[in-house]
Each structure stands twice: as C-alpha cells, then as structure tokens.
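Below: one structure, written as structure tokens.
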Amino acid sequence: MTTGRHPAPFVVELRDVTFRRDGKQILHGIGLTVREGEHWALLGPNGAGKSTLLGFCGAVTHPSSGTARVLGQQLGRVDMQLLRRSIGHVNPRHPLRSPLTIREVVLTGLVGSVDIPPRWQPTRDDLDRADSLLRTLGLAGAADERWPTLSQGERGRALIARALVSQPRLLLLDEPSTGLDVAAREQLLETIDLLGETHPRLASIMVTHHLEELPTTTTHALLIRGGNAVAAGPADVTVTTENVSAAFAHSIDVQYQDGRWAARARTARRLTAPTG
C-alpha cells in the first residue's frame, strides 16, 4: 500500500493552444498547467501573446485550436459567463467613473459589473465578507472613502479585494503594478504575498513585463516570445539570465535575492558613480 499526498487539482489546463486573429497567428501551440495553490508569472515583451493567454485563463476567449480547460470546464463547451464568476480579475485600468466608496467597489465584484446595478442589494453575508477583506488588506479605515480620492496604491488593494469577494478559485493579475510608484508597488506586492496565508488554495496568474514586480510567493513562470513558449516550470529554475535574455531577445542579467528578482541589461561600458 502506498501513501502520500495527492497532487493538487488542476485549475487551468492549456494544451497545444493556438490563436489566430485577422489571419495572423498570435499563439503557436502553447501549453500551460496551473494547479491549486500555485502562483504563476507570464513574462515576455509587448506583443508576445501574454494577454491572449490570460484571456483563455479568464474564460474570455477560447483558442483557435488546442484544448483549454479552466476550473475543470472545457472552453467552447461551457457557459463562459457562468464560469467567469469563479475567476477573480485584477485590472489596474478598471474603468470606474462613478464616485463609489471602496466598500461599494469591492461589492461590484459579486455582480461582475463596474457600477452597482439598480435595485441590487448585497446580503449581510456579502457585506461581512467585503469588510473582512478590507480589514485583511489594510483598508478598513478607508472603507467609506470615495474612489476618485484614493491613491493608486489604495486602488490596487481595493481591486484585489473586489476580485476576491466572490471567493474565486483562480485570481488573474494583469500588470497590477501599472501606474504605481515604488512605495505603492511594494505595498501592493506585500498584499499579494499575504494571499498565500489568507487564501492558501487560491491559484493565481500574473502578467508583467518586469521581474521586479514579481511577488515572493511566485512559484512558477512561463516565458513567451512571439507566441511561442521559451521556458516554463518552477520559477527559481525558469526565471534565469539565459531564459529571460531569450524571451526579450536582449542580453539581460537576472539576479535573485531574498525571494525577489531583478534584471538589468548587460553593457560593455562601465559607468562610474557621480562625484561631488
């Protein structure tokens, strides 16, 4: 008799997926498998196909060929709108125009809308869950502040709470540090790292161009270029100088220290620090 832990269930399974738009091939047979509790990074230059892949994972689009299964459901054979209710999405370009409070913004995650729908009322449980997330993410004291008055950092944390309020199994982060200064970025990354403790079974996928924006909880990475996979696997052996240089078609030094990555282009010139 054998004993041991069973592998965590798959949350995303993309097998040999391709995508064509207006006669142009965007993706060329990429595979990606994400298990419960894993935290993936999608890395690559602009136009590499990261957003297209994220669209499959978010049940927004389906591939031209290949198989895409999200939360056990095959795209093309499932109600995509219903499936999206189990997926949280953090988009820093959230198109909110109304002066909602932070609490109201979080509650819109329950109905998947930008604004509070007419005649919709949250339940007591909904309100309690929203307030609990605001406390966890350090926003309890600002719950009644209006969206236009918030800092970019507060908005980022509010959007994470909005994505989590529906208790999703999968969290997608689409360049969540966009527009943040360095302090706000670090606060946001600390918030994302906290989810490993507060939501241990949650799987996540983050799209970014910048290695410095990867949280310490990143477990795996997929590097792509021109719609092709360059490397995929555990982050510590995948996010390397060789693979990142290949993905960005440029000679780049990658460093890893204290759970964080850094990258800078190699240069033949040696620069000296200014004096004075």
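The values are calculated or read from the model by the stated rules, or taken from the named source; none is laboratory data. The shown structure was predicted, so the numbers you read here are calculated from the model rather than taken from an experiment. Neighbour counts run over all protein chains shown; Cβ positions are idealised from the backbone, glycine included.
So, in region 232-254, exactly how many residues are over 15 Å from Val207 (Cα atoms) and under 22 Å from the mean Cα position of the chain (by Cα)?
Of the residues in region 232-254, the ones over 15 Å from Val207 (Cα atoms) are 233-234, 236-238, 240-243, 245-246, 249-254.
Retained after the next criterion (residues that are under 22 Å from the mean Cα position of the chain (by Cα)): 233-234, 236-238, 240, 243, 254.
Residues flagged as over 15 Å from Val207 (Cα atoms) and under 22 Å from the mean Cα position of the chain (by Cα) within region 232-254 amount to 8.
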Selection from region 218-253 of residues that are among the polar types (S, T, N, Q), in contact (Cβ under 8 Å) with a residue 24 or more places away in the chain and either touching a Pro at 6+ places or on another chain (Cβ under 8 Å) or crowded, with 18+ Cβ neighbours inside 10 Å (or both): Thr218, Thr219
Of the criteria (1) touching a helix residue (DSSP H, G or I) at 6+ places or on another chain (Cβ under 6 Å); (2) surrounded by fewer than 16 Cβ atoms within 10 Å (Cβ to Cβ); (3) closer than 26 Å to Ile205 by Cα, which one Gly88 fails: (2)
Options Leu32, Leu27; residue that is under 17 Å from the mean Cα position of the chain (by Cα) and either modelled with pLDDT under 95 or of a type outside the set (Ser, Thr, Tyr) (or both): Leu32
Number of the condition not met by Gly47 [criteria: (1) in a loop (DSSP other than H, G, I, E, B); (2) surrounded by 16 or more Cβ atoms within 10 Å (Cβ to Cβ)]: (2)
Test: residue in region 109-116 that is out of contact with any helix residue (DSSP H, G or I) (no Cβ under 7 Å at 6 or more places or on another chain), surrounded by fewer than 21 Cβ atoms within 10 Å (Cβ to Cβ) and β-branched (Val, Ile, Thr): yes
Subset of region 193-206 [among the aliphatic types (A, V, I, L, M) and at pLDDT below 95]: Leu194, Leu195
Unique match (being in contact (Cβ under 8 Å) with a residue 60 or more places away in the chain, buried (at least 16 other Cβ atoms within 10 Å of the Cβ) and not in a strand (DSSP E or B)) among Leu42, Leu53: Leu53
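Just for region 1-24: of the residues that are part of a strand (DSSP E or B) and of a type in the set (Lys, Arg), which one is modelled with the highest pLDDT?
Residues of region 1-24 that are part of a strand (DSSP E or B), as a first pass: 10-21, 24.
Next cut, of a type in the set (Lys, Arg) only: 15, 20-21, 24.
On the way: Arg15: 96, Arg20: 93, Arg21: 89, Lys24: 89.
So the residue we want is Arg15.
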Matching residues, region 20-43, being of a type outside the set (Val, Ile, Thr) and either at positive phi or touching a helix residue (DSSP H, G or I) at 6+ places or on another chain (Cβ under 9 Å) (or both): Arg21, Asp22, Gly23, Leu27, Gly29, Leu32, Gly37, His39, Trp40, Ala41, Leu42, Leu43
Leading residue by the ranking (surrounded by the fewest Cβ atoms within 10 Å (Cβ to Cβ)) among those in region 207-217 that are at pLDDT 95 or above and of a type in the set (S, T, N, Q): Thr216
